[in-house]
Amino acid sequence: MATDYYKTLGVGKKADDTDIRKAYRKLAMKYHPDHNKDNKEAEDKFKEISEAYAVLSDKEKRQQYDTYGASGFHQRYSQEDIFKNVNLSDILKEFGFGNNIFSQGAGGRTCRRFSFDSGQQPFGNYSQPQQRPIRGADVTYTLPTTLEDVLSGASKMVALQGESGHQDRISVKIPKGMTSGKKLRLVGKGRPGAFGGPKGNLYIEIKVLPHPVFTLEGTDLIIERKIKLTEAILGTKLEVPTLDGKDIALKIPPGIQSHTKMRLKDYGIPLMGRSGRGDQYVRVVVTMPKKLAKKQKELIQKLSDSGL
């Protein structure tokens with residue numbers, strides 16, 4: 001049986017429920033046994049598209065398939081699990097097919113006249129179902145974090161929607177240096193499993209919020225400071241703040257070019273999981289006057305005449 005369900009139905013991984021239903025309808029019209037009498041190849045193809053539809057039309061099954069891939073999915077789901085709660089008979093009747101390939105079995109469940117090559121009969125033999133434990137789905141939670149939290153580490157409370165509708169509050173320790181895109185894994189804090197299966201995991205994904213003063217590049221911090229044209233020519237001193245709350249005296253050399261970056265070593269954010277820190281860079285921007293007074297123009301002209 002084919003296991004690339006998207007390829008089987010001819011849809012992309014971003015296909016919505018409507019796309020999946022349309023694709024199944026089109027293929028069912030082509031391969032349904034009513035249109036292919038005594039055609040074993042068509043019957044096998046019909047089984048494949050029906051299995052693909054049963055998985056991709058179910059939100060939970062599709063998430064498990066996308067998360068673990070074909071191999072991991074089939075370790076968690078038997079053929080019986082795949083077709084559970086899927087009534088293909090009603091769907092095919094909507095498409096204009098008769099019900100001769102399906103019949104009602106014990107307990108009102110839908111049964112089929114044919115079975116899969118694997119020996120499984122997902123729509124039949126329900127008197128003693130074999131339900132293997134299914135691990136719960138993983139959950140990813142995006143946690144907004146400040147640069148100050150990244151610098152010092154922080155404890156955060158995360159509120160998650162529980163299965164019964166109430167909120168579960170979980171305390172999460174954010175380590176120093178944890179930046180956007182990095183994830184914490186909390187084992188067993190995800191969705192409950194089925195049939196006695198274990199819970200999934202909770203992944204906390206960090207999103208560093210914009211800072212009013214600093215920009216984060218990797219483990220380095222960037223701060224911009226503007227100076228006047230005369231300060232760029234003659235040199236000057238600046239008081240530069242750091243994320244630690246300190247003010248550093250920075251000497252600007254004469255003749256500095258606009259957008260030059262000057263380094264303050266070890267004033268960046270911590271390196272996650274190891275010692276050391278990134279650096280802080282001061283981007284010096286030379287501002288040009290938009291309008292000059294008469295005397296200023298005369299002085300600039302004299303400088304120009306002197307060859308400057």
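The values are calculated or read from the model by the stated rules, or taken from the named source; none is laboratory data. Just so we're clear, the structure is a prediction, and the values are computed from it rather than from any experiment. Counting neighbours? That spans all protein chains shown, and the Cβs are built from the backbone with ideal geometry, glycine included.
With respect to Lys14, determine if the residue is modelled with pLDDT of 80 or more, out of contact with any His (no Cβ under 6 Å at 6 or more places or on another chain) and within 26 Å of Tyr203 (Cα to Cα).
Yes.
Of the numbered conditions (1) within 19 Å of Gly72 (Cβ to Cβ); (2) within 21 Å of the chain's Cα centre (by Cα), Lys182 satisfies every one except a single condition; which is it?
Result: Lys182 passes all but (1).
Restricting the range 177-206 to residues that are out of contact with any Lys or Arg (no Cβ under 9 Å at 6 or more places or on another chain) and within 21 Å of Arg277 (Cβ to Cβ), which is surrounded by the fewest Cβ atoms within 10 Å (Cβ to Cβ)?
Lys182
Look through Asp44, Asp19 and report the one residue that is within 24 Å of Phe73 (Cα to Cα), outside any loop (DSSP other than H, G, I, E, B) and in contact (Cβ under 8 Å) with a residue 60 or more places away in the chain.
Asp44
Determine if the range 25-35 includes at least one residue that is surrounded by fewer than 20 Cβ atoms within 10 Å (Cβ to Cβ) and within 33 Å of the chain's Cα centre (by Cα).
Among the residues of the range 25-35, at least one is surrounded by fewer than 20 Cβ atoms within 10 Å (Cβ to Cβ) and within 33 Å of the chain's Cα centre (by Cα), which makes the answer yes.
Out of (1) out of contact with any Phe, Trp or Tyr (no Cβ under 9 Å at 6 or more places or on another chain); (2) at pLDDT 95 or above; (3) among the polar types (S, T, N, Q), what's the single condition that is false for Thr242?
Thr242 satisfies every listed condition except (1).
Every residue, every condition in (1) loosely packed, with under 11 Cβ neighbours inside 10 Å; (2) farther than 19 Å from Gly177 by Cβ, yes or no:
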{"position": "Thr215", "(1), (2)": "no, no"}
{"position": "Leu221", "(1), (2)": "no, no"}
{"position": "Gly245", "(1), (2)": "yes, no"}
{"position": "Ser258", "(1), (2)": "no, yes"}
{"position": "Tyr267", "(1), (2)": "no, no"}
{"position": "Leu271", "(1), (2)": "no, no"}
{"position": "Leu292", "(1), (2)": "no, yes"}
{"position": "Leu299", "(1), (2)": "no, yes"}
{"position": "Ser304", "(1), (2)": "yes, yes"}
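Restricting the range 273-290 to residues that are surrounded by fewer than 11 Cβ atoms within 10 Å (Cβ to Cβ) and small (Gly, Ala, Ser), which is nearest to Asp247 (Cα to Cα)?
Once the filter is applied, the top-ranked residue is Gly276.
How many of the residues making up the range 279-302 are part of a loop (DSSP other than H, G, I, E, B) and in contact with a Phe, Trp or Tyr (Cβ under 8 Å, 6 or more places away or on another chain)?
1
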